[in-house]
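**Student:** This is the structure I have questions about; it appears just below.
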Amino acid sequence: MRRDVFQAIADPTRRAIIALIALQAMTPNAIAENFNTTRQAVSKHLRVLTECELVKQEYQGREIYYSLEIEKMKEIDKWLDQYRKIWETKFNQLDELLTKMKTQAKK
């Protein structure tokens with residue numbers, strides 16, 4: 001089953017893993033130390049993130065390091081951008097309304 005990035009970020013643990021490895025590449029054990037869960041559970045989350053191509057694996061000797069695949073994050077940003085424009089328009093309209101009401105209240 002092919003997963004997409006939105007399935008990957010739907011889980012709060014996977015979002016936390018993304019935040020961790022955004023700063024630096026980490027081994028599964030180092031990632032697992034940040035959670036109250038088993039190493040196997042973290043490995044399962046890493047497998048989903050890898051399948052969705054949000055993280056990449058790099059072997060250094062016997063260790064595997066996981067790092068964030070920034071280009072894939074742009075897919076999420078592109079999708080969110082359409083809604084960001086809607087929110088900004090609504091906030092601007094609200095700001096104009098509040099300014100208008102404030103001006104009328106002073107009269």
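**Student:** Averaged across orientations, what area in nm² does the convex hull of the alpha carbons in the chain project?
**Tutor:** Numbers: hull surface 39.7 nm².
That works out to 9.9 nm².
**Student:** Taking the Cα atoms only, what angle lies between the long axis of helix 12-23 and the longest principal axis of the chain, rounded to 10 degrees?
**Tutor:** 80
**Student:** Could you give the length gained on full extension between Asn29 and Asp11, defined as 0.36 nm per residue of separation minus the Cα-Cα distance, in nm?
**Tutor:** 4.5 nm
**Student:** How about Lys74: which aspartates and glutamates have a C-alpha closer than 18 Å to its C-alpha, ignoring those fewer than 8 places off in the same chain?
**Tutor:** Straight-distance partners of Lys74: Asp4, Glu51, Glu53.
**Student:** With a point put 7 Å past each Cα toward its Cβ, work out how far Glu51 is from Ile86 in nm, to one decimal.
**Tutor:** Label at Glu51, label at Ile86, 2.9 nm between them.
**Student:** If only Cα atoms are counted, what is the Rg of the stretch 8-50, and what is its Dmax, in Å?
**Tutor:** So, for the stretch 8-50, Rg and Dmax equal 9.2, 23 Å respectively.
**Student:** So which GluC sites (Glu not before Pro) in the stretch 1-60 are both in a DSSP loop and have at most 12 other Cβ atoms within 10 Å of their Cβ?
**Tutor:** Numbers: sites: Glu33, Glu51, Glu53, Glu58; in loops: Glu33, Glu53.
Taking the stretch 1-60 and a limit of 12 other Cβ atoms within 10 Å, the loop GluC sites (Glu not before Pro) found are Glu33.
**Student:** With a 10 Å cut-off between alpha carbons and a GNM built on the chain, which of Thr38, Thr27, Thr13 moves the most?
**Tutor:** Its mean-square fluctuation being the largest, the pick is Thr38.
**Student:** Here's something else I'd like to know. Where a Cα-Cα gap under 19 Å defines reach, which lysines qualify for Lys100, not counting those fewer than 8 residues away within the same chain?
**Tutor:** Lys90
**Student:** Give me the extension gain from Met73 to Gln60: residue separation times 0.36 nm, minus the current Cα-Cα distance, reported in nm with one decimal.
**Tutor:** Gain on extension, Met73 to Gln60, equals 2.2 nm.
Values quoted throughout were computed directly from the atomic coordinates according to the rules given, and no laboratory measurement underlies them. The structure presented is a predicted model; accordingly, all values stated were derived computationally and were not measured. Note that each Cβ is placed from the backbone with ideal geometry, even for glycine, and that neighbours are counted across all protein chains shown.
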